[in-house]
């Protein structure tokens, strides 16, 4: 039937223009109302409400994407209004399933179930070989099981026979989730193969409540027709250079026309880089995209969040910091996060947003640095210490080493190779083999004078650059200056926020016997001469060192148990109490691990703190997800929370003080009704549901710490080094300014002693 509009195209154009103007007016009116509402809220989202958390395929950072285990794990760990995300795919018989992609090889065992059904199709114009959902009926897929799609994640749940579920099964088995988001990634592809996702969605919406539907295809939204109550339509932007199939425009072009997007969608889903661009893995200034979208009346959801993905170096490997930058930056906030780890997103929104610099401490424990903020700068440098103080450390530390001329300085290792560029320096020929330290040759601090050490360039430590290729802050990998113990103490005096310092003393016996250097005396003399008045803790793994310190000072002493242990005898604890005021354990001594899963919890912390009144500090905490057991969900804050609130440690020793200091101020930990994302993990909880066939044999138990492990002979006397270039030993009664041995003074005293002895003989 030919209409009047078809006879009169000018009339049609006039009315269409009028309609478009009306729509744009309504959009502007709605945006104005929403902005007025938002002004009363701390949130800079479109509606003024807190951002929503969308669990991509459930808790897919731990369990296989779209598995029932992944979906079921969301509710007990995440915010109550967390939305469940389902990537909808169609089978050969038109059944809608939740599966990460139209291709199946990467996230299932389809190759084992159907080795001969690999096929080739054009997917978005690209020839693609794989196993495709459209080649299988829903019945065929009953023998195909979901597995991890990211190889860096645990395979412990791959053999749990994770069935592929239909959309209806997910909705019904999870008892009507608080939010259900269906993503349609390849509508055009299914249409080409005579399958209609639109028809499926319209049918399933009669029995399943769908809250959101997203797609990267404009034609999908233009063609689908819901009734009066429809889900929120969210247009999904892909990488800027990719071409949208129905308009033949790049997504980079479409992002410049958000008013057009608003004509068929109420929100947009964009990669993180649309908001915070990254170059060389460092953040560039944020774009205006969120504000532009909000002005157009569009909600903005950001995608690509996962705790175990590479993130910008600016975040110091802390996924929580990344979330905060998207919603608590003082300029804008996204309206939601698409995340593989909804627990972290939930805690970021509820517990850590809008804390401010003056937020009060909610949980009491000491944040002790490990070589300063050594996760961000070369350890034991002025920059590492400055950042540790700025980040909120309560105590900053100095691992004392000795130069050949007796200057005590801060460095994490006695071997300069580990933390400096000495191999590229003129001093590389001063290597020595010291069996007490290493069977291989090293370049040791006691073979260089302090004036020589000062010329070295410090180097940041990268504990996971080997198998994981994870590097710390490359731009600052050689920044900062090494400092003497005296400079370290003077530097900390000026900080009003610091509680005190921790000074670590090792290798004292060797330095006395073999190098003629008294590190204990050098430390005590430097402390005395500095007039340091804050809290001082002196730590060592040698009981003989702490016994000697107790004889000559009243400083707090901290005994480090270097070994990973499962228990400690009461008699050994009693021995420790005679010379130590606190104890340091390794993390694995508190929560032992096998195959990267926690196997239980020891009672070491509780026994020492409650029965013997010895505070326990635990080391070493790092932000890199590979440093944590799977049980902590690749989240350094979860690990801290479990050690502090469940194990009850008195302090954490960390290379990233900011993460621990921020945790102390989070608003959730002190609530009477603790939210699930701030509840400590259940030790061995994840191990219990892992497939036994995926786990290696149990490891031998860690040893018990006994009296024999504690007892040591007294420190030997200082023995002068035989070398002709030796600066001479520090004598027991000698006074050396700033703890430094002076060659001339030592020789003069020796000569005076000889003269006095001769006079006495004459008498």
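Structure notes:
- Each residue, residue 143 and residue 196, gets one label point 7 Å from its Cα in the Cβ direction; the gap between the two is 3.3 nm.
- The stretch 37-350: relative contact order in percent, alpha carbon pairs under 8 Å with at least 6 residues between: 20
- The relative contact order of the stretch 599-682 comes to 30 percent, based on Cα pairs under 8 Å that sit 6 or more residues apart.
- Ranked by how many other Cβ atoms sit within 10 Å of their own Cβ, fewest first, the residues 327, 402 fall in the order 327, 402.
- Relative packing of peptides 511-522, 590-601 - highest average C-beta neighbours within 10 Å first: 511-522, 590-601
- Angle in degrees between helix 519-530 and the longest Cα principal axis of the chain, rounded to the nearest 10: 80
- Per-peptide average of other Cβ atoms within 10 Å, ordering 273-284, 149-160, 387-398, 423-434 highest first: 387-398, 149-160, 273-284, 423-434
- Listed candidates (1) 27.5; (2) 30.6; (3) 29.7 - label of the one calculated as Kirkwood radius over Cα pairs in Å: (3)
- Reducing the stretch 577-606 and the stretch 685-725 to their Cα centroids gives an inter-centroid distance of 12 Å.
- Treating r as the C-beta distance of residue 672 and residue 230 and R0 as 56 Å, the FRET efficiency rounds to 0.90.
- Label-point gap, in nm, between residue 436 and residue 49 - each point 7 angstrom along Cα→Cβ: 6.7
- Based on Cα contacts under 8 Å between residues 6+ apart, the chain shows a relative contact order of 12 percent.
- Eigen-decomposition of the gyration tensor built on the alpha-carbon atoms of the stretch 399-537 gives equivalent ellipsoid semi-axes of 25, 21, 14 angstrom, largest listed first.
Just so you know, all these numbers are worked out from the coordinates, no wet-lab data involved. Values in this document were obtained by computation on a predicted structure and should not be read as measured data. No Cβ is skipped: glycine too gets one built from the backbone with ideal geometry, and neighbour counts run over all protein chains shown.
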